[in-house]
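Working notes, beginning with the structure itself.
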Amino acid sequence: MFFVIIRLMLTDQIRNLKNEAIGEILEAKDASEIENTRATFLGRSGKLNQLTKEIPNLALEEKKHLGQLINEVKINIESAIEQSLEKLNVKNFQNKWFDVTLPGIRPEQGHLHLITQAISEITNIFTELGFHRARYPEAEWDWYAFEGLNMSQNHPARDEWETFFIKDLDNKKYGKGVLTPHTSSGQLREMEKYSPPIRMLNIAKCYRRQSDMSHAPMFYQFEGLVVDKNINISHLKGTIDYFTKKYFGPDRKSRIRPFHFQFTEPSFEVDVTCLICHGKGCRTCKQGWMELGGSGMVHPTILKNAGIDPEKYTGFAFGWGVERVMMMKYGIPDIRLLFDGDLRFLKQF
Ligand SMILES: [Zn+2]
């Protein structure tokens, strides 16, 4: 009976303490007042601990009951403190003219460079047609870049490829070292590696001694090579048309017109209808057409050089600039924009 009376007394006192503490917390004007209240009530020699001194002398049942109550009260006071501190924080922000309803600052998110995007787009289009992506050396031998492609030493056709030769690099069998001036050097390497049917897409960096609005000393080309039985010009035209419509859009048209290259016979230049006038003719195009690049049927000598019988197999090839097709697609006026790394430009894509 005695224990019960003490328990009831203590229960009342603990509840009163709780109300007192929460009242003080609600009225506190700043964080230091709140911390003072915390020390007064919850500190080691605080009011709550003073009250609990008598508990150890009570019976087990009473100890349990009061222990639970004290824990609850501690939790209640702590959460009142946290809430008040949070409110004060928000108020402080508002006092500093901080508008909490404003949207936050979005973190900068990067994206792949335009050229990387174009390379994967081009790769996807040709993968749909069964081409496989190949990679061949950028530092190459004369044989693969010229001689093996039907351009013997001192042949005037070499002049078109303003080539960087690598100093003091010479191979008895394959000639001088060069930086690949075109991706066509991959043709012989592909045919040496695989026997027909061949469907190669070689995308690589090329190097030429050139620099103006539409030419850079380093640029990317993508080269297609198909070698199989009964391959003819209509396969080439079909492939060009498929690429044109997939990459530039379904309303764009392509055409081939006769040209000359040493490594194809017959050879063609490929044109696509102009982005601006859609084929009607304007200031930026040639009577409605824009030049995409070269193509043609693989010259029998090149097949022979790679150990493939030109009586049994035929093929076609094309080599176009990655930057060039991008500039034609988006109307980019200067190739150097693609290499400058200017974020004002790059962020537009
Ligand atoms: Zn035009």
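How high is the relative contact order of the range 175-253, in percent, with contacts defined as C-alpha pairs under 8 Å that are six or more residues apart? Normalised by residue count, the contact order of the range 175-253 is 26 percent. Round to a whole number: what % of the accessible area of the range 146-243 belongs to carbon and sulfur, probe 1.4 Å? It is 49 percent, rounded to a whole number.
Hand me the GluC sites (Glu not before Pro) from the range 277-349 located in a DSSP loop with no more than 13 other Cβ atoms within 10 Å, in residue order please.
Working: sites: Glu291, Glu311, Glu323; in loops: Glu311.
Sites meeting the loop and neighbour criteria: Glu311.
The Cys residues in the chain with no partner Cys Cβ within less than 4.7 Å of their Cβ are Cys206. A compact globular protein would have a Cα radius of gyration near 2.2 N^0.38 Å; the ratio found for the range 175-313 is 1.15.
In terms of Cα atoms, the Rg and Dmax of the range 1-62 work out to 14.1, 46 Å.
How many times 2.2 N^0.38 Å is the alpha carbon radius of gyration of the chain?
1.95
Backbone amide hydrogens, once placed in the peptide plane, bring Trp141 within less than 5 Å of Val178, excluding anything fewer than 5 places away on its chain. For the set Thr127, Thr101, the ranking by accessible area, highest first and with no ligand, DNA or RNA atoms included, is Thr101, Thr127 under a 1.4 Å probe. Determine the distance separating the Cα centre of the range 100-129 from the Cα centre of the range 138-210; give it in Å without decimals. What the calculation gives is 33 Å, centre to centre.
Do any trypsin sites (Lys or Arg not before Pro) in the range 232-280 lie in a loop, going by DSSP, with at most 14 other beta-carbon atoms within 10 Å of their beta carbon, and if so which? All intermediate terms of the calculation are to be shown ahead of the outcome.
On the way: sites: Lys237, Lys245, Lys246, Arg252, Lys253, Arg255, Lys280; in loops: Arg252, Lys253, Lys280.
When the trypsin sites (Lys or Arg not before Pro) of the range 232-280 are filtered for loop state and at most 14 Cβ neighbours within 10 Å, Lys280 remain.
The alpha-carbon of Lys64 sits under 18 angstrom from the alpha-carbons of these aspartates and glutamates, leaving out residues fewer than 8 places away in its chain: Asp12, Glu54, Glu72.
Do any GluC sites (Glu not before Pro) in the range 41-133 lie in a loop, going by DSSP, with at most 13 other beta-carbon atoms within 10 Å of their beta carbon, and if so which? Intermediate values should be presented prior to the final figure.
Working: sites: Glu54, Glu61, Glu62, Glu72, Glu78, Glu82, Glu86, Glu108, Glu121, Glu128; in loops: Glu54, Glu108.
Loop-located and lightly packed - Glu54, Glu108.
The orientation-averaged projection of the convex hull spanning the C-alpha atoms of the range 1-147 amounts to 22.4 square nanometres. The equivalent ellipsoid of the range 185-262 has semi-axes of 24, 21, 12 Å, largest first, where each one is the square root of 5 times an eigenvalue of the Cα gyration tensor.
The values are calculated or read from the model by the stated rules, or taken from the named source; none is laboratory data. The structure displayed is predicted, hence computed values, not measured ones. Neighbour counts run over all protein chains shown; Cβ positions are idealised from the backbone, glycine included. Keep in mind that these areas ignore ligands, DNA and RNA; they rest on the heavy atoms of the full protein, side chains included. Shrake-Rupley method; radii C 1.70, N 1.55, O 1.52, S 1.80 Å.
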